[in-house]
1. What residue among I169, G134, Q91 has its Cα farthest toward the positive end of the dipole of the chain, where the charges are +1 on Lys, Arg and -1 on Asp, Glu, each on the Cβ?
2. Give me the distance in nm between label points sitting 7 Å out from Cα along the Cα-to-Cβ direction at E193 and T21, one decimal.
3. Calculate the spin-label point distance for E140 paired with R109, positioning each point 7 Å from the Cα along the beta-carbon direction, and give it in nanometres.
4. How high is the FRET efficiency between A201 and R121 when r is their beta carbon distance and R₀ equals 25 Å, given to the nearest 0.05?
5. At a threshold of 8 angstrom on Cα-Cα distance, excluding pairs fewer than six apart, so keeping six or more, what relative contact order does the range 92-205 reach in percent?
6. Based on alpha-carbon atoms only, what is the radius of gyration of the chain relative to the globular estimate 2.2 N^0.38 Å?
7. Dividing the alpha-carbon radius of gyration of the range 147-186 by 2.2 N^0.38 Å (N being the number of residues), what value is obtained?
8. By how many nm would the segment from Q45 to M13 grow when fully extended, if each residue of separation counts as 0.36 nm and the alpha-carbon distance is taken off?
Amino acid sequence: MGAPDERVIQLVMRLRGEGVTDAKVLGAIERTPRDVFVPERFSDQAFENRPLPIDCGQTISQPLVVGMMTQLLQVDDRCKVLEIGTGSGYQAAILSKLARRVYTIERYRTLAKEAEERFARLRLTNVTPRIGDGTKGWPEQAPFDRVMVTAGAPVRPDTLLDQLKPGGIAVIPVDNDQGAQTLMRYVKTEGGELQETAMMAVRFVPLVDGEAKAL
C-alpha cells in the first residue's frame, strides 16, 4: 500500500489532462491504492497509466479507461451498481467510494477470492462479490441504478440492460463491425427505451458466458 504520494498525484494530474475531469472520480482514484490490486512483480508500475497483467490471463485496466468509464457512469451515493468482471477488484473499489452499494461478479474463482480479500483489507464494506456467469447479471438484486461491464461483449448485452432501472445508465464495451470494441453508454428512459451513444475505442478481454471450470 504505501506508494509515494507523488506518484499518485502525477497519475491524477495526467488523467485530468486526458479528460477525467470529475473531481469525485479523481478523488476516488487518488484514495484507491492501485498497488494493492496488481501482482507484486508489477508493483513498481502500479501508478503508471497502463494496463497490467493479473492472474487467469486477465488484466487490470489502464487508469485512464477506469476513470473515463467511471465518469461516464455518473455514480452518486444513492446508486446501486452492478459490475460485471471483478478482475483484480480495482474498478469495484473505486465505485465503492462513489456508490451506495456495488455488486460485482467474476467467473474466475481465483480472481474473485483475491478481490474479496482486498476488499476486506481495505474495509470496503459496501462491495458484495459473487462468483458466477456475469452475462446473466444478478437478477435477485435487480434493478440497478448503474451497470458497468469490464469485458468486451460480442453484441449489446440486453440481459444486463434489462436489469437497469428506468433513468439508469450502463457503460459497456461492445464489439463493432471493424473487429474492435467501442465503449457504449446506454441511458434507459423512464419509458424503458434505450438511448445509446458510442464514446471511445477500447480494448478489453472478451465477455464470456458461464462460470470458469478452473482457476
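Since every read-out is calculated from the coordinates, none of them should be taken as a lab result. Since we're looking at a predicted model, the values are computed, not measured. Here the Cβ is made from the backbone with ideal geometry for all residues, glycine too, and neighbour counts use every protein chain on show.
1. Farthest along the dipole direction, towards plus: Q91.
2. Going from the E193 label point to the T21 one covers 2.9 nm.
3. With each label point 7 Å from Cα toward Cβ, the separation is 1.9 nm.
4. 0.15
5. On the way: 198 pairs, mean separation 20.4, N = 114.
Relative contact order, the range 92-205: 18 percent.
6. So the chain has a normalised radius of gyration of 0.95.
7. Rounded to two decimals, the normalised Rg is 1.13.
8. Here the segment from Q45 to M13 would lengthen by 9.9 nm.
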